[in-house]
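Working notes for the structure below.
The values are calculated or read from the model by the stated rules, or taken from the named source; none is laboratory data. Since the model is a prediction, treat every value here as computed from it, not as a measurement. Don't worry about glycine lacking a Cβ; one is built from the backbone with ideal geometry, like all the others, and counts go over all protein chains shown. Calculation scope for accessible area: heavy atoms of the full protein, side chains included, ligands and nucleic acids excluded. Shrake-Rupley method; radii C 1.70, N 1.55, O 1.52, S 1.80 Å.
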Amino acid sequence: EAQVTQNPRYLITVTGKKLTVTCSQNMNHEYMSWYRQDPGLGLRQIYYSMNVEVTDKGDVPEGYKVSRKEKRNFPLILESPSPNQTSLYFCASSPAGTYSNQPQHFGDGTRLSIL
Amino acid sequence: GQQLNQSPQSMFIQEGEDVSMNCTSSSIFNTWLWYKQDPGEGPVLLIALYKAGELTSNGRLTAQFGITRKDSFLNISASIPSDVGIYFCAGQRTGSARQLTFGSGTQLTVLP
C-alpha cells in the first residue's frame, strides 16, 4: 500500500531536549515536505526537499532542521524545542519532474507537545 | 507566507442538505486542490483542478477552478454524516518550489 509514515504519532517532551520526527514514503517520490498545523492557521510549510541532498526553507523554518540523505526518508529535527513548537506536524510527498503537477499525499500526523 | 481566504469557517447543516464553501486569493495559482481531514488523520485529497474554468466532480463533490485563477469553490450535495470533518483548499504554483498554500479550513458538522 502506498503511504507516508510518520513516527512517533504522539510525543510529549520538555524544552531544550532534542527530538527527531521521522517520515518515510514508499512511492519513490522525489518531493517531500513538512507542514505544521495550528488552530485557525491551516497548514504552513516548514521545509521541503526536491530530491536527495536538496532541501529548502518553507514559510516557517525557524527552529527546525531537515535532512534528505535517502529518497524515501525526510526527518524533521528540533535541536532545542520550545513551547511555541507545540503543534500537529504532517509530512507529505509527491512526484516531481514530468509528474510535478501531481498532488501531495500526507501522512497521518505527529502531535508534539513541548512543556 | 500568504494564506488563502477560506469561508465559511464552520457550518452546521442537516443531513441531506447541500453545502458550498470557497477560497479566494490575491495571487494566481496553477493548481487548486481540495482536501478533507478527519480527526487524528492527515489531509486526504478530494479533488484536484489544473485548468482555469475547470469543473470537476467526484461522486457528490463538485469543485471549480475560477477563471481568474484566484479562487475555487467546493460543493457537496445531499450531505451524509460521514461528510463531517475539516475541508481545506490549497493552491499550488508549478515550479521548483511547488509550495502548497492552504486555507484555514471549513469545519463541517452534519446533523441527523
Practice prompt. At least 3 residues that are touching a residue at least 12 places away in the same chain (Cβ under 8 Å) and surrounded by fewer than 22 Cβ atoms within 10 Å (Cβ to Cβ) in each: list the strands (runs of 3 or more DSSP E) lying fully within the stretch B:41-102 that qualify.
Written response: B:44-49, B:61-65, B:71-76
Discussion item. Quick check on the stretch A:9-54: of everything there that is polar (S, T, N, Q) and within 12 Å of the chain's Cα centre (by Cα), which residue is farthest from the other protein chains (Cβ to nearest Cβ)?
Written reply: A:T20
Discussion item. Going residue by residue through the stretch B:16-33, is there one that turns out to be closer than 24 Å to A:S94 by Cβ, within 14 Å of chain A (Cβ to nearest Cβ) and open to solvent by 40 Å² or more (accessible area, probe 1.4 Å)?
Written reply: yes
Discussion item. Take the residues in the stretch A:86-115 that are over 16 Å from A:E30 (Cα atoms) and surrounded by fewer than 19 Cβ atoms within 10 Å (Cβ to Cβ); name whichever of them is nearest to the other protein chains (Cβ to nearest Cβ).
Written reply: A:D108
Worksheet item: Do any strands (runs of 3 or more DSSP E) entirely within the stretch A:7-78 hold 3 or more residues that are open to solvent by less than 20 Å² (accessible area, probe 1.4 Å), and if so, which?
Response: A:19-25, A:31-38, A:42-51
